[in-house]
Amino acid sequence: MITFDHVNKRYASGQDALARVSLEIPRGDMVFLTGHSGAGKSTLLRLLTAIERPTKGTILVAGQNLNRLRNHQIPYYRRNLGIVFQNHQLLSDRSVFDNIALPLAVTGCNRREVGRRVRAALDKVGLLHKEKQNPMVLSGGEQQRVGIARAVVNKPAILVADEPTGNLDSQLSREIMQLFADFNAVGVTVLVASHDLELVAQMCQRVLTLQEGQLIYDGVPNREVLPT
Ligand code: ADP
Ligand code: ADP
């Protein structure tokens, strides 16, 4: 589903944020991306979401070669992806329902279909009863659930999250990670960047570790051997 083949990313500053990164994530996998701040996690996600382009190497996602993606094709490509942000980026001038409906606005769904899909997404994150609320009155964990509902409302094949539990305590963080595991269990390919090694180890899933732009670990660790 996702292939990086000898990918380099050098920013205009001259820094190699990623160096010769090769990895393969099969359809239906759940993978965590770890590494210290500055290791290249966000850069890898920005390449995957076509916010940035690789300097060298090839990226294939869902059968598409991102190197060949023209700028006008990027919005269509991104419909394959659900993207969850740390700060959830919810809009405070509209309800939970309308926040989640946003990605459907460009798809030409009729109102009934929008309602059906938004409620299905809310149901999956356990917030069906909050659709009329303003997101700003919700707790941090609930806001992140709304962010996840918005990411999955288009039924993307791939769910990508950048530090989705960054502002949550450990109990809420586990619940959010379990939610990603639930989506993975129904076939969604999931890639989650997190520097919380303990939380990642608890999930017993494949881990990719970046260090100074290089992939230094790829495997299913147990707590004892997880690199720090
Ligand atoms: P992480 O997400 O693991 O913290 P990043 O991908 O954000 O790592 O950063 C990797 C390296 O690339 C860091 O050294 C960072 O300073 C640098 N970097 C990130 N974004 C940019 C940018 N837009 N321009 C120049 N350098 C950047
Ligand atoms: P930092 O690594 O400094 O914390 P962020 O990751 O918060 O920076 O955001 C840097 C840029 O990457 C922003 O333009 C943001 O829109 C984008 N971004 C953040 N999260 C993701 C993601 N999951 N996938 C793709 N792009 C993202």
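Do we find that Pro164 is within 16 Å of ligand 1 (Cβ to nearest atom) and either without any contact (Cβ under 8 Å) to a residue 60 or more places away in the chain or open to solvent by less than 30 Å² (accessible area, probe 1.4 Å) (or both) in this structure? Against the criterion (within 16 Å of ligand 1 (Cβ to nearest atom) and either without any contact (Cβ under 8 Å) to a residue 60 or more places away in the chain or open to solvent by less than 30 Å² (accessible area, probe 1.4 Å) (or both)), Pro164 qualifies.
Checking Thr34, Thr3 one by one, the residue that is surrounded by 14 or more Cβ atoms within 10 Å (Cβ to Cβ), within 16 Å of ligand 1 (Cβ to nearest atom) and in contact (Cβ under 8 Å) with a residue 40 or more places away in the chain is Thr34 and no other. The set of residues in the stretch 70-93 being touching a helix residue (DSSP H, G or I) at 6+ places or on another chain (Cβ under 8 Å), open to solvent by less than 80 Å² (accessible area, probe 1.4 Å) and not aromatic (Phe, Trp, Tyr) consists of Pro75, Leu81, Gly82, Ile83, Val84, His88, Leu90, Leu91, Ser92. One residue stands out among those in the stretch 42-57 that are buried (at least 20 other Cβ atoms within 10 Å of the Cβ) and closer than 22 Å to Gly14 by Cβ: the one that is nearest to the chain's Cα centre (by Cα), which is Leu45.
Given the criteria open to solvent by less than 50 Å² (accessible area, probe 1.4 Å), assigned to a helix (DSSP H, G or I), in contact with a helix residue (DSSP H, G or I) (Cβ under 6 Å, 6 or more places away or on another chain) and away from ligand 2 (no atom under 15 Å from the Cβ), does Leu122 qualify? Judged against the criteria, Leu122 is a match.
Exactly one residue out of Ala19, Ala39 is within 16 Å of ligand 1 (Cβ to nearest atom), open to solvent by less than 80 Å² (accessible area, probe 1.4 Å), more than 23 Å from Pro164 (Cα to Cα) and among the small types (Gly, Ala, Ser), and it is Ala19. The test for being surrounded by 14 or more Cβ atoms within 10 Å (Cβ to Cβ), more than 22 Å from Arg27 (Cα to Cα) and under 12 Å from the mean Cα position of the chain (by Cα) holds for Gly147. All of Lys132, Lys155 fail the test of being surrounded by fewer than 20 Cβ atoms within 10 Å (Cβ to Cβ), of a type in the set (Lys, Arg) and within 19 Å of the chain's Cα centre (by Cα), apart from Lys155.
Among residues of the stretch 137-157 that are within 17 Å of Phe183 (Cβ to Cβ), those with a Cβ under 6 angstrom from a residue that is open to solvent by 10 Å² or more (accessible area, probe 1.4 Å) and of a type in the set (Val, Ile, Thr), sequence gap 6+ or separate chain, pair up as Ala151/Ile83. Under 8 Å by Cβ, and 6 or more places apart or on different chains, what pairs join a residue from the stretch 101-130 that is within 10 Å of Asn154 (Cα to Cα) with one that is aromatic (Phe, Trp, Tyr)? Short answer, once both residue conditions are applied: Val118/Phe97. Condition test on Leu60, is it open to solvent by 50 Å² or more (accessible area, probe 1.4 Å), in contact (Cβ under 8 Å) with a residue 24 or more places away in the chain and either of a type in the set (Gly, Ala, Ser) or within 29 Å of Ile176 (Cα to Cα) (or both)? Here the answer is yes, as Leu60 does meet what is asked.
Among the residues of this structure, Leu191 does not count as one that is surrounded by 15 or more Cβ atoms within 10 Å (Cβ to Cβ) and at pLDDT below 95.
The values are calculated or read from the model by the stated rules, or taken from the named source; none is laboratory data. Quick caveat, the model's predicted, so the values are computed rather than measured. Every residue, glycine as well, gets a Cβ built from its backbone with ideal geometry; the counts of neighbours run over all protein chains shown. Just so you know, the surface numbers come from the protein's heavy atoms only, side chains and all, with ligands and any DNA or RNA stripped out. Shrake-Rupley method; radii C 1.70, N 1.55, O 1.52, S 1.80 Å.
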